[in-house]
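A.B. asks: Handing you a structure now.
Read-outs throughout are calculated quantities, based only on the coordinates presented, and are distinct from any laboratory measurement. Nothing here was measured: the structure is a model prediction, and the numbers come from that model. Quick reminder, even Gly has a Cβ in these numbers, built from the backbone with ideal geometry, and neighbours come from all protein chains shown.
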Amino acid sequence: MTDTTTNPPGAGMGAPTRSGDDPRNTASKGTRVFGILSLIGIGWLVALGLGLSPDDQTQGDLVRLMYVHVPSAWLAYLSFGVTAMGSIMYLWKRSEWWDLVAASSAEIGVLFTGLALVTGMIWGRPTWGSYWEWGDARLVTTLVLFLMFLGYLAVRRIPADTHVRSRRSAIVALIAVVDIPLVHFSVKWWRTLHQEATVLSSDFDPKIDDLMLFTLMVGLVVFTLVYVWFMLHRFRVAWLEEQLLDHSLADAIEARRAEAVGTGATT
Amino acid sequence: MADGTFVNDAALVAAKDLRLELRSRVAVSQVVPFAVLLLVIFGFALDGDQTTLQRLTSGLYWVAVLFAAVLIVQRAFAVESDDGVRDALRLAGMRPASVFVGKAGAIFVQLIVLEVLLGVGVAVFFGTTLTGWGLLIASAVVAAAGISAAGTLYGVLTAGLRVKESLLPMLLLPVLAPVLIGATRAMGAALGDVAVDGWSWFNFLAIFALIYVALGLFAFGPLLEES
Amino acid sequence: MSNWGYIIVGWSAAAGVLGAYAVRLVTRGRSLSRRVPPERRRWMG
């Protein structure tokens, strides 16, 4: 990989253009800003979500689980959206930069998808009386999404030439993303076309209290900030891994050549 | 694109695959027995109770089709990577899109044969009376098209990898979840087990097939590039 | 009817997962940074 392939225009991502602010880790001025904002935001979210906001009229205090569940689910879809975009951009521009964006976002996406599933199930236990409800199209779709992107990460872990791996994973991501609306639609239709009345009301009452809506918004913003912070660090980790791989390969070739020259000189 | 070569190339690839498959007899001696074995296993697992088996026929049938389809896809590309045929296909100057259509076509034909045999299987072992032939056949055909399109994409992707035996089902089965739901529903409607509009599920399956055929035509080129 | 048990479990799952991932990212970044020379750290162009 050469440096010229790695700098698409406008690839700022909120970080300083001259990076490597701190040579000892993957932090920079940009990440610190996002980190501090995230921490402040988390403080707010805890105070609002667990303390200040009122109980819901129908859901009672269970609505407080929504302040982590809904943002996790939102980020699950956002990160896979970014992965899809990175994959398309990779196939178009063939730049490793976009491939690493897709890879980083997918890993974070799996994390948030898992979290959305777990919090959804915890919410479902007291609400539905069971951890799982097949009639909830969003929950089932999220599970399928989770499984598909575990497959994506598995594909990425297969040792291969960088370009082969990038191309392969970009297409896996596309196949998976195209499937998401189909899965959602089929699960929804599957249950609603069935005679059994689905007793599941929507997760959210549209007429919710202002403070509850505000708390939910805070949750969305805070989780997005956390995502950006994760992305910056994860991308740099991926970048360093690539550099290390290239570098060690170059070193090995160099060592081999030196060895050959050395033996050539002595004999 | 509209000239004969596209279709010719695709037919060539499909014919080659089917000929290889017929000659090796793996499909006949292993895949089909495996699919029938699945039906028998369902019988054991569900207490050998004919009423239960009949009620669940559509679901069990499509689970058997999906699992056997994974084997068929694996076979279709094991043939390729063993002999380095993928390189040959690339070097022969065929368009990737026509190679895709050819590979998917061969898998499609095998799936149709398998579906027919499994249909006989459920009639025999579960005692299911097959009805609603129009919907039954139409939905089986479009479901097979969707499975073979998605399967061909993942098949070429995992071909030649050491981990392909576990990776292919892990990638393919979640993506085929909508096909399993749709085909099961359509078949259930045809058999009169569930009162749903089976033809709308047929439309859904057709959309799935169209999307994955389109994706295959577009994505097969980049996938064939890799060596 | 109090569901605080569920709420606490849900929130701590979120805090635990996100916290653990953040720690892992930073430590991975540190160990990798030590092995990559500064001139190859131009990740943003």
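A.B. asks: ³J(HN,Hα) across the stretch B:136-151 via Karplus (A = 6.51, B = -1.76, C = 1.60, θ = phi - 60°), whole Hz, x for Gly/Pro?
C.D. replies: 4, 6, 4, 6, 5, 5, 5, 5, 4, 4, x, 4, 6, 5, 5, x
A.B. asks: Here's something else I'd like to know. Which of A:ASP179, B:ASP197, A:ASP251 has the fewest other C-beta atoms within 10 Å, and how do the rest follow up to the most? Please list the in-between numbers first.
C.D. replies: Values: A:ASP179 25, B:ASP197 14, A:ASP251 10.
With the fewest neighbours first, A:ASP179, B:ASP197, A:ASP251 line up as A:ASP251, B:ASP197, A:ASP179.
A.B. asks: What does the charge count near B:ALA27 come to, summing +1 for each Lys or Arg and -1 for each Asp or Glu among other residues with Cβ under 9 Å from its Cβ? Before the final figure, lay out the partial values.
C.D. replies: On the way: positive: B:ARG25, B:ARG75; negative: B:GLU21.
Here the count lands on +1.
A.B. asks: Right, here's the next one. For the protein assembly as shown, compute the number of Lys pairs whose alpha carbons are separated by less than 25 Å, excluding pairs fewer than 8 positions apart on the same chain.
C.D. replies: Working: A:LYS188/A:LYS207; B:LYS16/B:LYS103; B:LYS16/B:LYS164; B:LYS103/B:LYS164.
Summing the qualifying lysine pairs gives 4.
A.B. asks: Output the direction-averaged projected area (hull surface divided by four) of the convex hull of the alpha-carbon atoms of the stretch B:60-215, in nm².
C.D. replies: Details: hull surface 36.4 nm².
Over every viewing direction, the Cα hull of the stretch B:60-215 projects on average to 9.1 nm².
A.B. asks: Ordered by residue, what ³J(HN,Hα) values in Hz, to whole numbers, does the stretch B:185-191 give under the Karplus form 6.51 cos²θ - 1.76 cosθ + 1.60, where θ = phi - 60° and Gly and Pro are x?
C.D. replies: Result, ordered by residue: 5, 4, 5, x, 5, 5, 7 Hz.
A.B. asks: Applying the Karplus parametrisation 6.51 cos²θ - 1.76 cosθ + 1.60 with θ = phi - 60° to the phi angles of the stretch B:11-27, what ³J(HN,Hα) value in whole Hz is obtained for each residue in order, glycine and proline being reported as x?
C.D. replies: 5, 4, 4, 4, 5, 4, 4, 5, 5, 4, 5, 5, 6, 6, 6, 5, 4
A.B. asks: How would A:ARG165, A:ARG157 line up from fewest to most surrounding beta-carbon atoms within 10 angstrom?
C.D. replies: Values: A:ARG165 18, A:ARG157 11.
Result, fewest neighbours first: A:ARG157, A:ARG165.
A.B. asks: For the protein assembly as shown, take the convex hull of the Cα atoms, compute a quarter of its surface area, and give me that in nm², please.
C.D. replies: Details: hull surface 125.5 nm².
If you wrap the Cα atoms of the protein assembly as shown in a convex hull and average its projections, you get 31.4 nm².
A.B. asks: Could you please rank A:TRP128, A:TRP134, A:TRP97, placing first whichever residue has the fewest other Cβ atoms within 10 Å of its Cβ?
C.D. replies: Details: A:TRP128 15, A:TRP134 12, A:TRP97 23.
Final ranking by Cβ density, sparse to dense: A:TRP134, A:TRP128, A:TRP97.
A.B. asks: In the stretch A:48-107, what is the volume of the convex hull around the alpha carbon atoms, normalised per residue and reported in Å³? Working shown, then result.
C.D. replies: Values: hull volume 5.0 nm³, N = 60.
Dividing the Cα hull volume of the stretch A:48-107 by its residues yields 83 Å³.
A.B. asks: Summing -39500 (n - 2.57) over the DSSP H runs of n ≥ 4 in the protein assembly as shown and dividing by its residue number, what mean residue ellipticity at 222 nm do you reach, to the nearest 500 deg cm²/dmol? Before the final figure, lay out each step's value.
C.D. replies: Numbers: 17 runs with 409 residues, N = 539.
My calculation for the protein assembly as shown gives -27000 deg cm²/dmol from helical runs alone.
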